[in-house]
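Working notes, beginning with the structure itself.
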Amino acid sequence: MRTAYSVETVRTAERELMARLPEGALMQRAAAGLAAACAEVLGRVSGRVYGSRVVLLVGSGDNGGDALYAGARLARRGAGVTAVLLSPERAHGTGLAALRRAGGRIAGTGCAGELIARADLVVDGIVGIGGRGGLRTEAVPLADAAARSRAAVVAVDLPSGVDADTGQVRGAAVRADVTVTFGAHKPGLLVDPAREYAGSVRLVDIGLPLPADAAELEALQHAEVARLLPVPGAESDKYRRGVVGIAAGSARYPGAAVLAVAGALRGGAGAVRYVGPAGDAVIARYPETLVSDQGPKRAGRVQAWVVGPGAGDDAGTVAQVLAAEVPVLIDADGLRLADAGAVRGRTAPTLMTPHAGEAAALLGVSREQVEGARLASARELAGRYGATVLLKGSTTVVAGREGGPVRVNATGTSWLATAGSGDVLSGLAGSLLAAGLSARDAGSAAAYLHGLAGRFAAEGAPVGAHDVAGALPRAWRDVRGA
């Protein structure tokens with residue numbers, strides 16, 4: 001599992017470690033890892049370190065010091081290294097001296113554009129993890145020049161101009177091809193919009209004593225998801241495996257019901273009950289579904305409900321499902337129709353699965369605000385509704401009702417931005433709820449499998465939601481190593 005820690009936690013761990021090490025030793029560890037990563041990048045872009053041209057963009061403080069010490073190591077290997085100092089009077093003194101001793105050069109911002117245009121590698125050491133807001137005015141032309149150049153861009157700890165704790169980008173920021181981060185991932189490296197500025201992220205272990213219970217974010221990997229997935233035993237029957245109820249679809253949107261059922265049938269529960277007006281369409285595609293037209297109260301035994309996909313204005317069905325004493329997943333139209341008080345008053349687990357537009361409507365803010373602050377938005381919704389919230393999007397995040405680390409999904413593809421994809425996800429997550437997973441685990445595992453299935457189904461080409469549903473067994477086998 002990948003974990004990410006707040007700036008405050010990382011700073012505290014750094015101070016604790018520095019108190020036990022010789023002066024400057026921690027920076028040297030970071031610089032060694034940074035230089036090694038830069039050498040690898042140079043090997044890919046120019047085939048060598050010796051004779052390559054490297055430009056360091058150096059701000060004040062330790063972030064600039066890391067860049068200067070790494071530049072000195074590259075210079076000793078024969079690279080032509082030039083440091084562009086944004087604040088010469090505040091540059092890291094010993095790092096600057098090390099670069100000069102190694103044969104590196106110093107330049108002002110006036111000639112930076114020409115240097116960057118000729119560079120093989122640009123190292124972004126402008127602002128560290130304590131930076132807030134976008135780049136300052138004087139740094140913007142340097143970031144623009146790096147973006148226009150043919151050089152590879154390596155960011156030190158995180159791209160300058162992004163918020164390490166929130167993933168927000170409030171102005172101009174450096175776009176990196178590689179980010180070399182030290183000691184721990186920072187939340188902004190795993191969550192959009194900042195994640196797209198980071199490129200490929202490489203973690204350098206510098207020995208930070210990080211408390212295990214202080215993580216802000218978690219990103220599950222195959223091993224963790226495999227342990228969550230339900231596997232039937234020799235004594236299992238369809239009821240022991242769980243029955244999921246799907247209350248979805250309408251005369252206008254029967255396909256939403258079909259797709260939600262498709263996801264549910266591949267989610268590990270033993271049976272799927274469908275309730276709604278699209279029964280004929282569901283049975284025609286999936287005859288194994290148990291169909292009822294008597295409403296949720298009379299549908300029969302279920303261990304979890306999914307309500308809302310394609311439901312139109314059927315508030316009565318949503319209210320019946322919310323009154324059930326089993327876990328409930330609310331999606332799509334259900335989010336709009338659900339009474340907030342009824343959701344907060346539930347004692348059984350609730351999982352809400354909005355996209356950014358739906359989350360914005362629930363929070364009373366703009367879609368852009370949600371997309372720019374995904375972590376804060378998911379946490380706010382979870383707290384406001386007393387529910388676990390799976391916020392869909394370019395980075396899918398899962399915030400638990402009890403707080404704790406937010407889970408961020410590491411799989412997925414932009415091809416999943418297609419009509420009906422969310423209905424498949426809802427059915428899948430609902431099935432995992434019925435199989436006994438907690439709301440947090442069901443949402444996290446479903447997002448992981450759904451993203452992986454999207455990759456498998458697409459393979460670089462457009463896909464439909466039914467293709468994603470069809471690829472779920474392959475994703476399941478891949479995760480379990482079967």
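The values are calculated or read from the model by the stated rules, or taken from the named source; none is laboratory data. Note that the structure is predicted; figures quoted are calculated from it, not measured. Note that we place each Cβ from the backbone using ideal geometry, even for glycine, and neighbour counts take in every protein chain shown. Just the protein is used for accessible areas: all its heavy atoms, side chains included, with ligands, DNA and RNA removed. Shrake-Rupley method; radii C 1.70, N 1.55, O 1.52, S 1.80 Å.
Computed over the chain, relative contact order equals 13 percent, with contacts defined as Cα pairs under 8 Å that lie 6+ residues apart.
Computed across the chain, the Kirkwood radius stands at 24.0 Å (inverse of mean 1/r, all Cα pairs). Contact order, relative form, for region 161-213: 38 percent (alpha carbon pairs under 8 Å, 6 or more residues apart, mean separation divided by residue count).
Calculated on C-alpha atoms, the gyration radius of region 113-175 divided by its Kirkwood radius gives an Rg/Rh of 0.96.
The Rg/Rh ratio of region 197-297, with both radii computed over alpha carbons and Rh defined as the Kirkwood radius, is 1.21. Over all alpha-carbon pairs of region 260-316, lay out the pair-distance distribution in 5 Å bins, whole %, shortest bin first. The calculated distribution, bin by bin, is 4, 17, 32, 29, 15, 3.
Rolling a 1.4 Å probe over the heavy atoms of the protein chains gives the chain an accessible area of 40 Å² per residue.
This model, with +1 at the C-beta of Lys and Arg and -1 at the C-beta of Asp and Glu, gives the chain a dipole about its Cα centre of some 880 debye.
The distance from the alpha carbon centre of region 5-54 to that of region 208-268 is 39 Å, rounded to a whole number. Protein heavy-atom surface of the chain, 1.4 angstrom probe: 48% of the accessible area is carbon and sulfur, with nucleic acids and ligands not counted. Measuring r between the beta carbons of R474 and R170 and using R0 = 45 Å, the FRET efficiency lands at 0.65.
Annotation note: GluC sites (Glu not before Pro) in region 297-398 located in DSSP loop regions with a Cβ neighbour count of at most 12 within 10 Å are E325. Membrane-span-like helices of the chain, defined as complete DSSP H segments with a Cα extent of 18 Å or more along the helix axis and a mean Kyte hydropathy of at least 0.0, are identified as 25-45, 421-434, 439-458. Divided by 2.2 N^0.38 Å, where N counts the residues, the Cα radius of gyration of region 289-440 comes to 0.99. Placing a label point 7 Å from the Cα of R298 along the Cα-to-Cβ direction, the residues of region 247-280 with a backbone N closer than 14 Å are 275-276.
What aspartates and glutamates could a cross-link reach from K238, if we take a straight Cα to Cα line under 13 Å and drop same-chain neighbours fewer than 8 places away? In chain and number order, the partners are E288. Remark: region 10-110 is approximated by an ellipsoid whose semi-axes, taken from the C-alpha gyration tensor as √(5λ), come to 23, 17, 11 Å, largest first. Under 5 Å between amide hydrogens, built in the peptide plane, is the criterion, and for A304 it picks out V243, G245 among residues at least 5 positions away or on other chains. Need the C-alpha centroid separation for region 110-169 versus region 412-482, integer Å. A separation of 36 Å, based on Cα centres.
Taking a straight Cα-Cα cut-off under 24 Å and skipping sequence neighbours fewer than 8 places away in the same chain, the lysines within cross-link reach of K186 are K392. Peptide packing for 233-244, 128-139, 308-319, 422-433 was compared via the average number of neighbouring C-beta atoms within 10 Å per residue; ordered from the highest value, the list is 422-433, 308-319, 128-139, 233-244.
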